[in-house]
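The next block holds one structure in the form of structure tokens; read it before the comments.
The values are calculated or read from the model by the stated rules, or taken from the named source; none is laboratory data. Predicted model, so just to flag it, every value in this text is computed and none were measured. Glycine also receives a Cβ, built like all others from the backbone with ideal geometry; neighbour counts cover every protein chain displayed. These accessible areas exclude ligands, DNA and RNA; they are computed on the full protein's heavy atoms, side chains included. Shrake-Rupley method; radii C 1.70, N 1.55, O 1.52, S 1.80 Å.
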Amino acid sequence: AQSVTQPDIHITVSEGASLELRCNYSYGATPYLFWYVQSPGQGLQLLLKYFSGDTLVQGIKGFEAEFKRSQSSFNLRKPSVHWSDAAEYFCACSTGGFKTIFGAGTRLFVKA
Amino acid sequence: DSGVTQTPKHLITATGQRVTLRCSPRSGDLSVYWYQQSLDQGLQFLIQYYNGEERAKGNILERFSAQQFPDLHSELNLSSLELGDSALYFCASSVRGLAKDTQYFGPGTRLTVL
């Protein structure tokens, strides 16, 4: 069955430090992969998505993600974190069956 | 602002009651999705509509139902409410409702069942 795993429930990084949020998916074929961000009291906003082609995807707010088929991973990265990046991040996976499965989320804390 | 609107923002009701949540998609989007977000279950896909027709169904309880109207707005009806139904309910919309489409999320309706 299709599933998405985000191993880290929460992560704390210092402002200006680099960030990597992990995401692993389980699906027989290459799925469509997404990263969303949710700020407190807000809905989800798409950061980036991957369908095919170049495995390094650029998104908004300076985020990027790399698709690695051999590891079934789609990790999100940012070279330098800003305090405004503190939020919850969700990895999601869609297949041809139209359902979107979300990971449990990783809450990012940024310390000054 | 995603362009997706949801009403009401907050809803407080009692067990056994019935409520209706409303969603208006972004202009031009034909597909609407409903999700439930709770602390213990995370973000769960409930149901998807495309141009008035049900397209996909997820973990939606039989006590819950939804529809999409000709003007493309959607309503999620929750009946015989239980304490465990307390959650944040999100509506999202996309242009064609395909798996690779970006979903635009509304701000959510927070339901509290007492």
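What lysines does A:K111 reach when the alpha-carbon gap must be under 25 Å and sequence neighbours fewer than 8 apart in one chain are set aside?
By straight Cα distance, A:K111 reaches A:K61, A:K78.
Roughly how many nanometres apart are two label points built 7 Å out from the Cα toward the Cβ at A:S3 and A:I60?
3.2
Name the residues of segment A:70-112 whose accessible area falls by at least 40 Å² when all protein chains are present instead of the chain alone, probe 1.4 Å?
Going by heavy-atom accessible area, the residues of segment A:70-112 that drop by at least 40 Å² are A:F98, A:K99, A:T100, A:F102.
Where does segment B:1-102 land on Rg(C-alpha)/(2.2 N^0.38 Å)?
This ratio for segment B:1-102 stands at 1.03.
Could you estimate the translational diffusion coefficient of segment A:19-91 from the Stokes-Einstein equation, with Rh from the Kirkwood formula over C-alpha pairs, at 37 °C and 0.692 mPa s, in whole µm²/s?
Result for D is 259 µm²/s.
Given a 1.4 angstrom probe, I'd like the percentage of the accessible area of chain B that is carbon and sulfur, rounded to a whole number.
Carbon and sulfur atoms account for 48 percent of the accessible area of chain B.
Which residue fluctuates the most in chain A, going by a Gaussian network model with Cα springs under 10 Å, if the choices are A:R77, A:R22, A:R69?
A:R69
Return the value, in Å² to the nearest 100, of accessible area buried between chains A and B (probe 1.4 Å, both sides summed).
Answer for the A-B pair: about 1500 Å² buried.
Could you work out how far the C-alpha centroid of segment A:26-57 sits from that of segment B:52-114, in angstrom?
20
Relative to the isolated chain, which residues of segment B:21-44 have their accessible area cut by 50 Å² or more in the presence of all protein chains (1.4 Å probe, heavy atoms, no ligands or nucleic acids)?
B:L43
In cubic angstrom, how much convex hull volume per residue do the alpha carbon atoms of the protein assembly as shown span?
For the protein assembly as shown, the hull spanned by Cα atoms encloses 121 Å³ per residue.
Express the accessible area of the protein assembly as shown per residue in Å², computed with a 1.4 Å probe while the remaining protein chains stay in the model.
So the protein assembly as shown comes to 48 Å² accessible per residue, rounded to a whole number.
In terms of Cα to Cα distance under 17 Å, which lysines are near enough to A:K99, apart from those fewer than 8 places away along the same chain?
A:K49, B:K57, B:K100
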